[in-house]
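The values are calculated or read from the model by the stated rules, or taken from the named source; none is laboratory data. Just so we're clear, the structure is a prediction, and the values are computed from it rather than from any experiment. Positions of Cβ are backbone-derived with ideal geometry, glycine not excepted, and every protein chain shown enters the neighbour counts.
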């Protein structure tokens, strides 16, 4: 089944913003550090929608946020772990899809498209950890995109090891200027997200320099 995004990008329009913003400089994370692993769930079926909304498994952030994420990754490598990225920049049309497909009582887990998402601004990353020695993604107190209280970053359940790893990730990301979202342990907003505008371009339209 083809991704929903290309058609919807033609039909939907993001909110109009009147502020002055920094020019977008979206950087592909894999070009900055290939040891940052990608598991882009929205390019496949392993997500809460059960179908792809991206046509490519790629991850972008505004350059300062991307460089900060790589620094957090290097901090974690010293502890024997690395970062796995589930999502970065997200076109606004995808935020609209998520909102419409989520029951009202669960919408704390998705962004209101009338305001736009920090993902839409290229300043939010959904991440977890992998173990350098085994290459395996670690277990956290909840799964990615799980819409329950187990996803809260201060959830007291799960195992002691799961909580330790969750706090290790949070500590490394916060040390580099990210803030965890109050309902999702995996979602981190970069400190300067307000300085960038909402974008709605698909990955294939993001300018990337030749390798």
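Quick notes
- Scanning the stretch 161-201 for residues that are closer than 19 Å to residue 40 by Cβ and surrounded by fewer than 17 Cβ atoms within 10 Å (Cβ to Cβ) yields one hit, 201.
- Scanning the stretch 50-66 for residues that are buried (at least 18 other Cβ atoms within 10 Å of the Cβ) and either in a strand (DSSP E or B) or out of contact with any strand residue (DSSP E or B) (no Cβ under 8 Å at 6 or more places or on another chain) (or both) turns up 52, 53, 54, 60, 61, 62.
- If you go through the stretch 142-154 and keep only what is part of a loop (DSSP other than H, G, I, E, B), free of Cβ contacts under 8 Å to residues at least 60 places away in the same chain and crowded, with 21+ Cβ neighbours inside 10 Å, you end up with just 142.
- Sole residue being surrounded by fewer than 17 Cβ atoms within 10 Å (Cβ to Cβ), touching a residue at least 24 places away in the same chain (Cβ under 8 Å) and under 24 Å from residue 32 (Cβ atoms), chosen from 115, 133: 133
- Within the stretch 7-16, if we keep just the residues that are surrounded by fewer than 15 Cβ atoms within 10 Å (Cβ to Cβ) and in a helix (DSSP H, G or I), the residue that is modelled with the lowest pLDDT turns out to be 10.
- Selected residue (criterion: farthest from residue 21 (Cα to Cα)) from residues of the stretch 87-111 that are part of a loop (DSSP other than H, G, I, E, B) and within 16 Å of the chain's Cα centre (by Cα): 110
- Inside the stretch 155-200, residues that are outside any helix (DSSP H, G or I), closer than 16 Å to residue 70 by Cα and over 14 Å from the mean Cα position of the chain (by Cα) make up a count of 3.
- Residue that is surrounded by fewer than 18 Cβ atoms within 10 Å (Cβ to Cβ) and under 24 Å from residue 151 (Cα atoms), where the choices are 19, 75, 31: 75
- Failed item, numbered, when residue 39 is tested on (1) over 20 Å from residue 186 (Cβ atoms); (2) modelled with pLDDT of 95 or more; (3) surrounded by 18 or more Cβ atoms within 10 Å (Cβ to Cβ): (1)
- All conditions in (1) crowded, with 18+ Cβ neighbours inside 10 Å; (2) under 19 Å from residue 171 (Cα atoms) hold for residue 47, with the sole exception of (2).
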